[in-house]
Amino acid sequence: MSIRVVVADDQEIVRTGLTMILNAQPGIEVIGEAADGRRAVELARRLRPDVCLFDIRMPGVDGIEATRTLAGPTVDDPLAVVVITTFDLDDYVYAALRAGARGFLLKDAGPDLLAQAVHAAAHGDALIAPSITTRLLKAFADAGPTGPPRQPVEALTDREEQVLATVARGRTNGEIAAELYITLSTVKTHIASLMAKLGARNRVEIAIWAYETNRVRNGPGRGGSPRR
């Protein structure tokens, strides 16, 4: 089954280019296009794609608000959203991920990284442009608390703490398994447990919590993003 994608960008040439790139990738199919956020939300709600690829700056409803509408904290059945933009600004990244985005890319990312981000989002992972990964999650800790970090409903085990740290550093499930010498299914079990204990809906929220609680102090171990 192909990963079904809705693309939204107010520039037709960009929208067409993204669609052509994605349709050329094995296992990815663009099923809808929108020129503004309002139309993007309507399409996404009607078509229920596996992934939404949204530009940030669109007329009417922008990409961040569209993301919040489809994937925000109050959404019962959130869609996977990857935000893509020309602007390498921390405020945009922070707002997009807070709104529920599972990935953040710059438009110069290239076809391979774009495809990786779509695959990652479709499978519950998160991929962030390499040029902003290192400073991004640290910014969550440096920005200052908006309130006390939520406490887990149950104390984390030592192994869960280890998995938490690797997720916060951008490791994929396969890389976590290799690094901690555990099976892939065990990694998935620990991540599911972390999500349940932290009230997190995805890996981005797990990573944010790790930084907000100072469990990761030195930034991601490598500046790149997850490989698939």
Would you point out the residue of the range 55-69, among those that are hydrophobic (A, V, I, L, M, F, W, C) and in contact with a strand residue (DSSP E or B) (Cβ under 6 Å, 6 or more places away or on another chain), that is surrounded by the fewest Cβ atoms within 10 Å (Cβ to Cβ)? I56
Reported set for the range 60-71 where residues are part of a loop (DSSP other than H, G, I, E, B) and at pLDDT 90 or above is V61, D62
Taking only the range 78-98 into account, find how many residues are open to solvent by less than 50 Å² (accessible area, probe 1.4 Å), farther than 12 Å from C52 by Cβ and out of contact with any Phe, Trp or Tyr (no Cβ under 8 Å at 6 or more places or on another chain). 1
Restricting the search to the range 81-107, which residues are in a loop (DSSP other than H, G, I, E, B), within 21 Å of A35 (Cβ to Cβ) and under 14 Å from the mean Cα position of the chain (by Cα)? A99, A101
Restricting attention to the range 99-125, which residues are buried (at least 20 other Cβ atoms within 10 Å of the Cβ) and more than 20 Å from N23 (Cβ to Cβ)? A99, G100, A101, R102, F104, D125
Quick check on my filter: what residues within the range 5-54 are open to solvent by 10 Å² or more (accessible area, probe 1.4 Å), in contact (Cβ under 8 Å) with a residue 24 or more places away in the chain, more than 22 Å from E65 (Cβ to Cβ) and part of a helix (DSSP H, G or I)? I21
Which one is modelled with the highest pLDDT among residues in the range 193-213 that are surrounded by fewer than 22 Cβ atoms within 10 Å (Cβ to Cβ), part of a helix (DSSP H, G or I) and of a type in the set (D, E, K, R)? K197
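The values are calculated or read from the model by the stated rules, or taken from the named source; none is laboratory data. This is a predicted model, so every value here is computed, not measured. Cβ: placed from backbone, ideal geometry, glycine included. Neighbour counts: every protein chain shown. Protein only, heavy atoms only, side chains kept; ligands, DNA and RNA dropped before computing areas. Shrake-Rupley method; radii C 1.70, N 1.55, O 1.52, S 1.80 Å.
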